[in-house]
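Worksheet: the structure to be examined is printed underneath.
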Amino acid sequence: MAIRFIVTAPDPILTKKCRPVENFDERLWTLLDDLKDTVEAANGAGLAAPQVAVLKRVCVVDTDDGFYELVNPVLKSASGEQRGVEGCLSVPKKYGTVTRPMKITVVACDRYGKSHKYKVEGFTARAFLHEMDHLDGIVYTTIAEDLEDEKD
Ligand SMILES: [Zn+2]
């Protein structure tokens, strides 16, 4: 277990599309453990593999609803709408407003390759979608309607 270095914008790694995980091996488990350590140390709501320079479809989400490990996540359905503020560990000291679905269903594998269905809403849905965007090389700053500096 280790805290990894977080890549920050405009590093081109953050704009790359990630490859699916095929091997559910110790290398993946170490990545997931490190993502957890790193997001906890940074006090974030989630972290995706490309943010630690690994171009695989892996991310973690950490909200009041729980801690989620998502491998090869796929959005199955979405409904409703929410407008809210987002930040990103790869874009320090900025925030912006993003409109996203209110409720989503996501299918993803766990670290052993077993498929699970997640029905989440509100802030957790926002965190899922923010992290899943990273796997397609999308940083929220490119879809936010505004971008502001964090005030102290
Ligand atoms: Zn982010």
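Scanning the chain for chymotrypsin sites (Phe, Trp or Tyr not before Pro) in DSSP loops with at most 13 neighbouring Cβ atoms within 10 Å leaves 6-111 as the longest stretch between them.
Accessible surface area normalised per residue over region 38-152 is 48 Å², counting heavy atoms of protein chains with a 1.4 Å rolling probe.
Which of these, GLY80, GLY44, GLY113, has the largest mean-square fluctuation under a Gaussian network model of the chain (Cα springs below 10 Å)? Among GLY80, GLY44, GLY113, the largest mean-square fluctuation in the Gaussian network model of the chain belongs to GLY80. Count charges around ARG83 for me, please; just the other residues with Cβ under 14 Å from its Cβ, Lys/Arg as +1, Asp/Glu as -1. After counting each charged neighbour, the total is -2. Dividing the helix sum by the residues of the chain, where each DSSP H run of 4 or more adds -39500 (n - 2.57), gives a mean residue ellipticity at 222 nm of -6500 deg cm²/dmol. Scanning the chain for GluC sites (Glu not before Pro) in DSSP loops with at most 14 other Cβ atoms within 10 Å, what's the longest stretch left with none? Value returned for the longest uninterrupted segment is 82-144. Looking at the chain as a GNM with Cα springs under 10 Å, which of ARG111, ARG126, ARG83 has the largest mean-square fluctuation? Most flexible of the set in this elastic network: ARG83. If I take all pairs of Cα atoms in region 1-126, what percentage of them are more than 19 Å from each other? I get 50 percent for the Cα pairs in region 1-126 exceeding 19 Å.
Quick one: net charge around GLU22, please, counting Lys, Arg +1 and Asp, Glu -1 for every other residue with C-beta under 12 Å from its C-beta.
Numbers: positive: ARG19, ARG27, LYS56, ARG57; negative: ASP25.
Spelling it out: positives minus negatives among the neighbours equals +3.
Note on ARG83/HIS116: beta-carbon distance plugged into 1/(1 + (r/R0)^6) with R0 of 25 Å gives a FRET efficiency of 0.30. Between SER115, SER90, SER79, the Gaussian network model of the chain with springs among Cα atoms under 10 angstrom shows the greatest mean-square fluctuation at SER79.
For region 34-104, the equivalent ellipsoid derived from the alpha-carbon gyration tensor has semi-axes of 20, 17, 12 Å in decreasing order.
With Cβ to Cβ distances under 11 Å as the rule, what net charge do the other residues near ARG100 carry (K, R +1; D, E -1)?
Values: positive: ARG83, LYS103, ARG126; negative: GLU81, GLU86, GLU121, ASP133.
Local charge sum for ARG100: -1.
Please work out the FRET efficiency for the pair THR142 and ALA41, using the Cβ-Cβ distance as r and a Förster radius of 41 Å; give the result to the nearest 0.05.
Values: r = 26 Å, r/R0 = 0.64.
E between THR142 and ALA41, to the nearest 0.05, is 0.95.
If you roll a 1.4 Å probe over region 12-149 with all protein chains in place, what percent of the accessible area is carbon or sulfur? Spell out each step's value before the answer.
Details: 3310 of 6800 Å².
Roughly 49 percent of what the probe reaches on region 12-149 is carbon or sulfur.
The values are calculated or read from the model by the stated rules, or taken from the named source; none is laboratory data. Owing to the predicted nature of the structure, the values given are computational and were not obtained by experimental measurement. When we count neighbours, we look across all protein chains shown, and the Cβ atoms used for this are built from the backbone with ideal geometry, even at glycine. The area values use the complete protein model at the heavy-atom level, side chains included, leaving out ligands, DNA and RNA. Shrake-Rupley method; radii C 1.70, N 1.55, O 1.52, S 1.80 Å.
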